[in-house]
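Below: the structure, in structure tokens.
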Amino acid sequence: MTSTDIRSGARKGADGSAADTARQVVVLATSLLAIAAAFIGSGVTGGTPVQEAAGGWLDADSTLIAPARPAFGIWSVIYTGMLAYAIFQALPAQRASARHRRIGYPVAASLVLNAAWIGVVQLDLLWASLPVIVALVAVLAWLFVQLRRLPPRGIVDAIVTDGSIGLYLGWVVVATAANATAVLQAAGFDGWGLPAEAWAILVIGAAAAVGIGLAWWGRGRIAPALSLAWGLSWVAVGRLTDEPDSTSTGIAAAVAAVLVLVVTLVARVWAMRSTRGTMEA
């Protein structure tokens, strides 16, 4: 091997082209894995529908925090968005992007955790679903922070990357609240003397607080607010029109959804004015 070959190899290693290609392939493969798991979880390919698995504790009428069934249609949008991201980051123009280098493997981890959640539910391991979804929301929150620190390069990156991951995060916040409630009720948690509706309102308040925190820190990022408000809205619909019925829980969920959206819009307007003022100065 000549000195020229050695220098060429060193430059290739520094550019990380082989490592970048591997990362792109992993993200694309895990997005397909998550979609395959989703088909199993829907019951289309022989699996047990999630609503019927794990003793039915994850169904729309299992707890006061469970969203009505139409809410789960958002998963189709999320999976489509994540597949779009996987394809986008696999393009040659994105191979050496610092942004995608930072988030690539964590995105893959989120997709694996998504598939793992469906897997443990299929095995009727309700208790195991909670640590998996908590890990998932933690990874998505980390991704949200990184996307805030590394701004998108163009409108396509903003929509495909930030939009898809934002929708994913917002919905999983609601799903985590519903999952935790289901696990606690299945374990026989008695509320320490507090009524079930009081606990439900507290959990809804916690989810709304997370949404408000994301809105303010994220300077009005729309995607997380939309999916989080979507989930809370369907909790409201479920409690006002289906079993277990609870007017107070339904109203609390509706108010929480509106609050998240309003704070997000306020934060976005404030961020836009702040940016405009800085540019003028």
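Taking the criterion of being modelled with pLDDT under 95, of a type outside the set (Phe, Trp, Tyr), on the phi > 0 side of the Ramachandran plot and in contact with a helix residue (DSSP H, G or I) (Cβ under 6 Å, 6 or more places away or on another chain), would at least one residue in segment 89-100 satisfy it? No, the conditions are met nowhere in segment 89-100. Looking only at segment 257-277, residues that are without any contact (Cβ under 8 Å) to a residue 12 or more places away in the chain and under 29 Å from Val237 (Cα atoms) come to 1 in all.
Please determine whether any residue of segment 219-239 is loosely packed, with under 15 Cβ neighbours inside 10 Å, assigned to a helix (DSSP H, G or I) and either at pLDDT 95 or above or in contact with a His (Cβ under 8 Å, 6 or more places away or on another chain) (or both). No, segment 219-239 has no match at all.
Scanning segment 240-265 for residues that are surrounded by 15 or more Cβ atoms within 10 Å (Cβ to Cβ) and not aliphatic (A, V, I, L, M) returns Pro244, Ser246, Thr249, Gly250, Thr264. Looking at Gln51, Gln94, just one residue is crowded, with 16+ Cβ neighbours inside 10 Å and within 22 Å of Gly166 (Cβ to Cβ), and that residue is Gln94. Screening Pro151, Pro131 for residues that are open to solvent by 60 Å² or more (accessible area, probe 1.4 Å) and either hydroxyl-bearing (Ser, Thr, Tyr) or under 21 Å from Ala54 (Cα atoms) (or both) leaves exactly one candidate, Pro131.
With respect to the conditions (1) among the charged types (D, E, K, R); (2) in a helix (DSSP H, G or I); (3) surrounded by 16 or more Cβ atoms within 10 Å (Cβ to Cβ), Asp59 lacks only one, and its number is (2).
Say we look at segment 62-74 and pick out the residues that are small (Gly, Ala, Ser) and open to solvent by less than 20 Å² (accessible area, probe 1.4 Å); which of these is nearest to the chain's Cα centre (by Cα)? Taking the candidates together, the pick is Ala71.
Within segment 91-113, restricting attention to residues that are charged (D, E, K, R) and part of a helix (DSSP H, G or I), which residue is nearest to Val137 (Cα to Cα)? Checking each candidate, the answer is Arg102. Candidates Val112, Val25, Val77, Val44: the one that is open to solvent by 60 Å² or more (accessible area, probe 1.4 Å), out of contact with any Asp or Glu (no Cβ under 6 Å at 6 or more places or on another chain), at pLDDT below 95 and of a type in the set (A, V, I, L, M, F, W, C) is Val44. When we screen Val210, Val156 for residues that are within 13 Å of the chain's Cα centre (by Cα) and surrounded by fewer than 24 Cβ atoms within 10 Å (Cβ to Cβ), the only hit is Val210. Evaluated against (1) buried (at least 21 other Cβ atoms within 10 Å of the Cβ); (2) more than 21 Å from Val262 (Cα to Cα), Gly166 falls short on exactly one condition, (2).
Yes/no matrix, rows are residues, columns are (1) outside any loop (DSSP other than H, G, I, E, B); (2) without any contact (Cβ under 8 Å) to a residue 60 or more places away in the chain; (3) more than 22 Å from Ala229 (Cβ to Cβ):
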site: Thr45; (1), (2), (3): no, yes, yes
site: Glu52; (1), (2), (3): no, yes, yes
site: Leu64; (1), (2), (3): no, no, no
site: Ile78; (1), (2), (3): yes, no, no
site: Met82; (1), (2), (3): yes, no, no
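The values are calculated or read from the model by the stated rules, or taken from the named source; none is laboratory data. What you are looking at is a predicted structure, and each value in this text was computed from that prediction instead of being measured. Don't worry about glycine lacking a Cβ; one is built from the backbone with ideal geometry, like all the others, and counts go over all protein chains shown. Just the protein is used for accessible areas: all its heavy atoms, side chains included, with ligands, DNA and RNA removed. Shrake-Rupley method; radii C 1.70, N 1.55, O 1.52, S 1.80 Å.
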